[in-house]
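*Asks:* Below you will find the structure I want to go over with you.
The values are calculated or read from the model by the stated rules, or taken from the named source; none is laboratory data. As the structure is a computational prediction, the values presented were derived from the model and not from experiment. Cβ: placed from backbone, ideal geometry, glycine included. Neighbour counts: every protein chain shown. These area figures cover heavy atoms from the full protein model, side chains too; ligands, DNA and RNA do not enter into them. Shrake-Rupley method; radii C 1.70, N 1.55, O 1.52, S 1.80 Å.
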Amino acid sequence: MTATARASTSDATGARTAALRAAVARVVASGNCSGCGACTLLDPGLRMRLDEEGNLRPVPVDSQPVDTQPVDPQPAGSPQAPVDSAPVGPDALRRFEEACPGVTVRAVRPPSTRRHPTMGPYLRVWMAWATDTDVRFRGSSGGALTAIAAWMLETGQAARMVGARADTQEPRRTVSVSILSREEALTAAGSRYAPTASASRPEALLPGTVMVGKPCEVSAIRALTSRPDGRRDDNPVLLSFFCAGTPSQHATDRLAAQLGSPAGTPVTDLWYRGRGWPGRFTVQRPDGTSSDASYDESWGSALGPATQWRCKICPDGVGESADITAADFWESDEKGYPVFADGDGRSALIARTERGYDIVLRAIEAGVISVSTIDLDELAAVQPLQTTRRSTLAGRLAGARLAGDSVPHFRGFGLLALALPRLREVVRVARGTYRRARDRRAAAGLRS
Ligand SMILES: Cc1cc2nc3c(=O)[nH]c(=O)nc-3n(C[C@H](O)[C@H](O)[C@H](O)COP(=O)(O)OP(=O)(O)OC[C@H]3O[C@@H](n4cnc5c(N)ncnc54)[C@H](O)[C@@H]3O)c2cc1C
Ligand code: SF4
C-alpha cells in the first residue's frame, strides 16, 4: 500500500471512530446507557469503567480512570477475541445503532411463537428446578440456567459459557467471565445485583457460546449476531433472566459497610442471594465471620432503590431476545403479592425460540432439570414490577420527553395498548417523571 493510500485508510478509520464515539457519548450523556458493554465490541478503544455514580459506562481507554471494571484473565483455551484488535469497522455505527439498548430495542417475533402482552414471545412455559441439589441450592431461584449451561458445557454442546460472578480479588465487585467447566459454572450461579457488562465479552459473539446475561446484554448480542437470512443455528445460545434493573455499585459497597465490612477491609466472598431461595445477602471475612441481610432488607431497601435511570424505562425486563428466559416463580399471598419466604428454589422457564424449546426438552430428557407446566398468566401475576413497569412505561417516556430528555426508541412492545386500560395511573407516572426530569435539568442548567 502506498503512503497516500495508507493515509486515506487511516483518515477513514479515524472518521468512523469519531462518529461512533460521538454516538456512544450521546447515549451516555442522555442517561440512556444500560452499561451492557456491547459498544466496546465495536470499538477496541473503549472500555467499561465505573463512573462516579457507581454505574459502568464506556469510556476511551486513555481517559482518566474512576475505576476500571476488573478484567478476569481468559481461561486457557479461550478463543481470541474476534474484534478486539480490529479497528472500528465500516458498518460499526450502523451496528451500534441497531444493537445499543440506549438507542433502540425491538421486540422480537421468533417463528412459531405466541406473544404475551407483558411476558413476551413464548413457545412454552414451565416451573423448573435443577435436579442436582447443589445446583438448585446455589442457584438464584431454581438454578435452571446454571444446570442447562453446565450440561451444555459437559456434553460438548457448548464450548464456553459467558456468565458473571464475584471478582476473586475484590468480591464486592462483579465480573463477567468466560467459563469452560461445570465447576466454574457453579461458582457463577446466583444473581448479582451490581454492574457488570457481559455483552463486552468478545466470546459472546462466537458460535459455540452459551451466554447468560441480563435482557439488555442479550438483546444487544442478539442484534449484533443476527443474520440477514434470519438463521440462528450457529449463533450463540442466549439465556436470560427477568431483570428489575442494575443497582449502582455504591449500593453494594454501602450495604457491605453497614454489615461491618467497609471499603478497604478484606472480604473473602460476597453474594446477593441463592444458597437457599431467595437466600440472604452475605459478606464473608477472612477471620471466618460473616454478616447477612434478608432479601427484603438487601434488594428491597438497599439495592432496588439504587437502580440506574435506563432500567426504570426498560421495555424488556423479561429477556424477550433470549432463547430461554428464567424468572423467580414466587408463591403469592391471598392478595396475589409475591411472598419471599425461604424454600426450595423454583424458577419459571420460558422457551422463546424453537432452539430454546429443543434445549429445554433435551435437558428434561437428560434429567438435568425437573419441570411442570404452568400458565404464563400465573407468572405475570407474581411479577408485579415487570407488568407495572411495562404497562405504565408510555407515561414515563412521555414525561421524560416533555421535560426535554431524549429516550431510546422501543418498537413492537405494544406500550400504548398496555397503557390505555391504566390511563389514570399512566398520567400520574407521566406527571411525576416530568417534574423530576424538569427539576434535574434545571439543576444542571439545561432547558426543558
Ligand atoms: C440485576 C437483576 C435483576 C433481577 N430482577 C428480577 C425480577 O425482576 N424478577 C425476577 O423474577 N427475577 C429477577 N432477578 C433474579 C433472576 O432473574 C431469577 O432468580 C431467575 O429465576 C434466575 O434463574 P436461575 O436460578 O435459573 O439462575 P442461576 O442458575 O442462579 O443463574 C444465574 C445466571 O445469571 C448470571 N448472572 C448473575 N448476575 C448477573 C448480572 N448482574 N449480570 C449478568 N449475569 C448475571 C450468573 O452468572 C448465572 O449464570 C434478577 C436478577 C438480577 C441479576
Ligand atoms: S447501552 Fe451498552 S452499547 Fe449502548 S452505550 Fe451503553 S454500554 Fe454501550
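*Asks:* Starting from the Cα gyration tensor of the chain, take the square roots of the eigenvalues, sort them a ≥ b ≥ c, and report rounded, prolate or oblate (rounded when a/c is under 1.5, otherwise prolate if a/b is larger than b/c, else oblate). Let's see the in-between values first.
*Replies:* Numbers: a/c = 1.25, a/b = 1.14, b/c = 1.09.
Because its axes are fairly even, with a/c under 1.5, the chain counts as rounded.
*Asks:* Just the accessible area per residue of the chain, please: how many Å² with a 1.4 Å probe?
*Replies:* With the other protein chains kept in place, the chain gives 44 Å² per residue.
*Asks:* A further question on this structure: If I compute solvent accessible area with a 1.4 Å probe over the protein chains, what percent of it on the chain is carbon and sulfur? Working shown, then result.
*Replies:* Values: 10330 of 19530 Å².
Roughly 53 percent, rounded to a whole number.
*Asks:* I would also like to ask the following. Decide, for region 87-129, between rounded, prolate and oblate: order the square roots of the alpha carbon gyration tensor eigenvalues as a ≥ b ≥ c, take rounded if a/c falls under 1.5, and otherwise choose prolate if a/b is larger than b/c, else oblate.
*Replies:* Prolate is the answer for region 87-129, as a/c is 1.5 or above and a/b outweighs b/c.
*Asks:* For the ranges 379-386, 244-251, what's the packing order if you count other beta-carbon atoms within 10 Å of each residue, average per peptide, and put the highest first?
*Replies:* Ranked from most to least packed, the peptides come out as 244-251, 379-386.
*Asks:* Related question: For the residue pair residue 134 and residue 344, what label-to-label distance in nm results when each label sits 7 Å from Cα along the Cα-to-beta-carbon direction?
*Replies:* Once both label points are built, they end up 1.9 nm from each other.
*Asks:* For the pair residue 10/residue 381, report the inter-label distance in nm, with labels modelled 7 Å from Cα in the Cβ direction.
*Replies:* Each label point lies 7 Å from its Cα, and together they span 6.7 nm.
*Asks:* Is any helix in the chain, taking whole DSSP H runs, at least 24 angstrom long along its axis by alpha carbon and on average at least 0.0 on the Kyte-Doolittle scale, and which ones?
*Replies:* Helix filter hits for the chain: 3-30.
*Asks:* Continuing with the same structure: All other residues with a Cβ under 9 Å from the Cβ of residue 113 taken together, and with Lys, Arg as +1 and Asp, Glu as -1, what is their net charge?
*Replies:* Its environment carries a net charge of +3.
*Asks:* Does region 319-422 come out rounded, prolate or oblate by the C-alpha gyration tensor, with a ≥ b ≥ c the root eigenvalues, rounded set by a/c under 1.5 and, if not, prolate when a/b is larger than b/c and oblate if not?
*Replies:* Judged from the Cα gyration tensor, region 319-422 comes out oblate (a/c at least 1.5, b/c at or above a/b).
*Asks:* Please list, ordered by chain and number, the residues whose modelled amide H lies under 5 Å from the amide H of residue 177; skip anything fewer than 5 residues away on the same chain.
*Replies:* HN-HN under 5 Å from residue 177: 163, 164, 165.
*Asks:* Can you give the extra length, in nm with one decimal, that the chain gains between residue 441 and residue 257 once fully stretched, where that is 0.36 nm per residue apart less the Cα-Cα distance?
*Replies:* 63.0 nm
*Asks:* Quick one: length gained pulling residue 424 to residue 181 fully straight, 0.36 nm per residue minus the C-alpha distance?
*Replies:* That works out to 82.3 nm of additional length.
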